[in-house]
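Heads up, the thing below is written out as structure tokens.
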Amino acid sequence: MLITEKKPMTHTLRWAMCSSILLYAVSASATDIFQLQSPAFGDNALMEKKYAGNASSNPNCTGENISPALVWNNPPAKTQSFALVVHDPEGAMGLGVTHLVAYNIPPSGTGFAENDLRDAKGYTGGKNTPGTLQWYGPCPPPGSGAHHYTFTLIATSLAPDLPKGLTRDELFAKLKGHTLGAAGLIGRFGQ
């Protein structure tokens, strides 16, 4: 004989109400996620050739070196500045290539227009792998597949007054203990 215990209706009602509140809280917070996007390409989508680098000294740089527009929303509370790093982990045969190190981006910022990153508008430039202080577009060698260009926007608690010319590693050392959150976007490009 199977004996089952009847649970009071209030227990079931309480469980349903708690579940509904939890579901609402999760869905409400999902809309407040710190996000980085580009009107030029979707996340993990191919970037147009115009965004590739253009350097006469490098035959792999076949583009126009136009920097893509970026927009972000819902930064963490108390953000004092942003930093943006664009890195290709497959570049230099797996050692990685940093295409942009940008920081001291004002907390009121919500994005960059096309070519702002190339023209060093709205940020302090750090040194990328080629040694410049602004956008250096993708230059993957032919036949190496579509590389992944990771755009990482970091919200920080630091005032926007870091010195010019920091490398990616130097910037990360300064940001240690001062990051509030990050948002990412991946663009792919190959030849």
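The values are calculated or read from the model by the stated rules, or taken from the named source; none is laboratory data. Predicted model only: the values in this text are computed from it and were never measured. Reconstructed Cβ throughout: ideal geometry from the backbone, glycine too, with neighbour counts over all protein chains shown. Please note that ligands, DNA and RNA were not included when accessible areas were found on the heavy atoms of the full protein model with its side chains. Shrake-Rupley method; radii C 1.70, N 1.55, O 1.52, S 1.80 Å.
Quick look at the numbers
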{"read-out": "Members of the range 147-187 that are farther than 15 Å from F34 by Cβ and either at pLDDT below 95 or among the polar types (S, T, N, Q) (or both)", "value": "T150, T167"}
{"read-out": "Yes/no for L46 being of a type in the set (A, V, I, L, M, F, W, C) and buried (at least 19 other Cβ atoms within 10 Å of the Cβ)", "value": "no"}
{"read-out": "Which numbered condition T129 misses (of (1) open to solvent by less than 50 Å² (accessible area, probe 1.4 Å); (2) out of contact with any Leu (no Cβ under 9 Å at 6 or more places or on another chain); (3) not acidic (D, E))", "value": "(1)"}
{"read-out": "Condition check for G137: open to solvent by less than 10 Å² (accessible area, probe 1.4 Å) and touching a Cys at 6+ places or on another chain (Cβ under 8 Å)", "value": "yes"}
{"read-out": "Filtered residue count, the range 142-167, keeping only those that are open to solvent by less than 30 Å² (accessible area, probe 1.4 Å) and part of a strand (DSSP E or B)", "value": "7"}
{"read-out": "The listed residue being open to solvent by 90 Å² or more (accessible area, probe 1.4 Å) and either modelled with pLDDT of 95 or more or farther than 20 Å from V101 by Cα (or both), out of S27, S20, S56, S67", "value": "S56"}
{"read-out": "Some residue of the range 90-105 being of a type in the set (V, I, T), over 21 Å from Q37 (Cα atoms) and open to solvent by less than 50 Å² (accessible area, probe 1.4 Å)", "value": "yes"}
{"read-out": "Those residues of the range 168-183 which are open to solvent by 50 Å² or more (accessible area, probe 1.4 Å) and either in contact (Cβ under 8 Å) with a residue 12 or more places away in the chain or part of a strand (DSSP E or B) (or both), in sequence order", "value": "R168, E170, K174, H178, T179, L180, A182"}
{"read-out": "Condition broken by L133, with the remaining ones in (1) touching a Ser or Thr at 6+ places or on another chain (Cβ under 9 Å); (2) over 22 Å from S38 (Cα atoms) satisfied", "value": "(2)"}
